[in-house]
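Trainee: A single structure is presented below for examination.
The values are calculated or read from the model by the stated rules, or taken from the named source; none is laboratory data. Here the structure is a predicted model, which means the values were calculated and not measured. Here the Cβ is made from the backbone with ideal geometry for all residues, glycine too, and neighbour counts use every protein chain on show. These accessible areas exclude ligands, DNA and RNA; they are computed on the full protein's heavy atoms, side chains included. Shrake-Rupley method; radii C 1.70, N 1.55, O 1.52, S 1.80 Å.
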Amino acid sequence: MNTNHHQTPGHSRFRRVRRVLPLALTGLAATLLTGCQQVSQSLSIGDMSSGYNREIFWMSVWAIALSIIIFIGVSYALFYTVNKFREDKHDAPPAQFHGNNRLEVILVVVPVIIVVFLSVLTVRSMARLNPNINADTVNVDVLGRQFWWNFSYPEAAAAAGGVVTNGNEIIMPTRQKVALTITSGDVIHGFWAPNIGGQRAAMPAVKKTWQVDTDRAGAYQGNCSQLCGASHANMRYKVVALDQDRYNTFITAASAYRAPEPAPGSAEARGYTLFMQGKTETGALACAACHRVQGTPAAGAAGPDLSFFGTRRTLGAGMWEAMTAEHWEAADAKARLHEWIKHSPLVKPGSLMPTYDGSEYRVNGKVQKGGVLTDAEIDDVAAYLRTLQLPEEADYWKGTPVQGAPQGGTQ
Ligand code: CUA
């Protein structure tokens, strides 16, 4: 932008504003829509593939149309009155309306009709959007924590124990109501994935059920919508909506899933041991203390579920994505994962994960000193994480269109 301010005549300054304003708005929109990382998806409350959004849209159309009619009516009455009854010094005092019963009744009845009409519309929409849980409803428990999400499926018992749970990526069927029971493990968060409808607070010790839906398969962006701490903006998630067959395939495979056992002596096997036990000599804490991996002894609940980490394509609660054809095998994705394990509080402010390079980090205001893993050991842990994959047919990303992304799909 031109910063040459002196000797600028007024009208040319105005012209520059006119030139710069659209650019600034475009830039703002791009920032709002894409975030600053590789994330490039739009959030749209105007996504009409969701019945929730359609209901809100038509409710708004009624309310706005009615407001416009009222505005025009009141403006007309005002100008008419001002014009007709303006002061005329030669005339008698203006007529008085006190005691005009007909006028007073009209002035009471008309607003009452308008308010009742809007109330009926609002209550009707509220009733329609209220969770209506029946045998066909898919239930998902949503847990928000600083700064990540867990999505678990209470009706999908895992053969290995517990229920199917996924961190930071929620999978839902299309053309079916999905009831989310939302809560928080610490402060208030906001569940907000506008393409599938609305926004709800995630509050500690309170469970709120609420219903979302979409007619269109695809991956949508979700964000935390309640300021909740240093990484509020890094508390994202993906909503992956699958058509019924694919959704059932996912649930069946995820229920039967047991994390693959690494071949003895492999890098993955070394990573598995570090993941489960940490490294006592250097104070490196075990990942398993905070993370669950279905079908292994790892059952921690303080961090996101990692059972399907290798199938997931987001890292750090949506801070980074691995959407290229190589996914986690891509050089930059590998580098991100390495950095993440090494010192996540450094790359994500407020992350409660320990460091593994000996640096200090904070938990509940207390300074802690991280343990140490060598770069090779960190790569072993990463190699183990990459093996945590659902069977090919249950890979919910495969072929799923990413809504709003420039490439329009995934591989
Ligand atoms: Cu959680 Cu903002």
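Trainee: Could you check ALA284 against (1) touching a Gly at 6+ places or on another chain (Cβ under 7 Å); (2) more than 16 Å from the ligand (Cβ to nearest atom); (3) at pLDDT 95 or above and say which number it fails?
Mentor: In the conditions (1) touching a Gly at 6+ places or on another chain (Cβ under 7 Å); (2) more than 16 Å from the ligand (Cβ to nearest atom); (3) at pLDDT 95 or above, ALA284 misses (3) alone.
Trainee: Okay, moving on. Filter the strands (runs of 3 or more DSSP E) completely within the stretch 142-221 down to those with at least 1 residues that are in contact (Cβ under 8 Å) with a residue 40 or more places away in the chain and within 16 Å of the ligand (Cβ to nearest atom).
Mentor: 148-157, 163-167, 169-173, 178-184, 189-192, 199-202
Trainee: For the stretch 371-382, how many residues are open to solvent by 10 Å² or more (accessible area, probe 1.4 Å) and in contact (Cβ under 8 Å) with a residue 12 or more places away in the chain?
Mentor: Count: 6.
Trainee: Further, regarding this structure: Quick one: count up the residues across the stretch 229-286 that are in a helix (DSSP H, G or I) and either more than 30 Å from ALA376 (Cα to Cα) or basic (Lys, Arg) (or both).
Mentor: 16
Trainee: Of everything in the stretch 166-223, what is within 22 Å of SER307 (Cβ to Cβ) and polar (S, T, N, Q)? Give them in sequence order.
Mentor: Scanning the stretch 166-223 gives ASN166, ASN168, THR181, THR183, SER184.
Trainee: Please determine, by comparing only the residues of the stretch 121-141 that are exposed (fewer than 11 other Cβ atoms within 10 Å of the Cβ) and in a helix (DSSP H, G or I), which one is modelled with the highest pLDDT.
Mentor: Filtering first and then ranking leaves VAL123.
Trainee: If the requirement is being in contact with a Phe, Trp or Tyr (Cβ under 7 Å, 6 or more places away or on another chain), assigned to a helix (DSSP H, G or I) and hydrophobic (A, V, I, L, M, F, W, C), which of these qualifies: LEU118, LEU107, LEU103?
Mentor: None of the others qualify; the one that does is LEU103.
Trainee: From the list ALA325, ALA302, ALA317, which one is open to solvent by 40 Å² or more (accessible area, probe 1.4 Å), closer than 27 Å to GLY229 by Cα and touching a residue at least 24 places away in the same chain (Cβ under 8 Å)?
Mentor: Result of the check over ALA325, ALA302, ALA317: ALA302.
Trainee: Hey, does the stretch 223-245 have a residue that's more than 15 Å from the chain's Cα centre (by Cα) and aromatic (Phe, Trp, Tyr)?
Mentor: Within the stretch 223-245, none of the residues are more than 15 Å from the chain's Cα centre (by Cα) and aromatic (Phe, Trp, Tyr).
Residue by residue, here is whether (1) in contact with a Ser or Thr (Cβ under 6 Å, 6 or more places away or on another chain); (2) open to solvent by less than 50 Å² (accessible area, probe 1.4 Å); (3) not aliphatic (A, V, I, L, M) holds:
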{"site": "GLN211", "(1), (2), (3)": "no, yes, yes"}
{"site": "ALA219", "(1), (2), (3)": "yes, yes, no"}
{"site": "GLY229", "(1), (2), (3)": "no, yes, yes"}
{"site": "HIS232", "(1), (2), (3)": "no, yes, yes"}
{"site": "ALA253", "(1), (2), (3)": "no, yes, no"}
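Trainee: Got a number for residues in the stretch 222-232 being near the ligand (Cβ under 9 Å from one of its atoms) and in contact (Cβ under 8 Å) with a residue 60 or more places away in the chain?
Mentor: Qualifying residue count, the stretch 222-232: 6.
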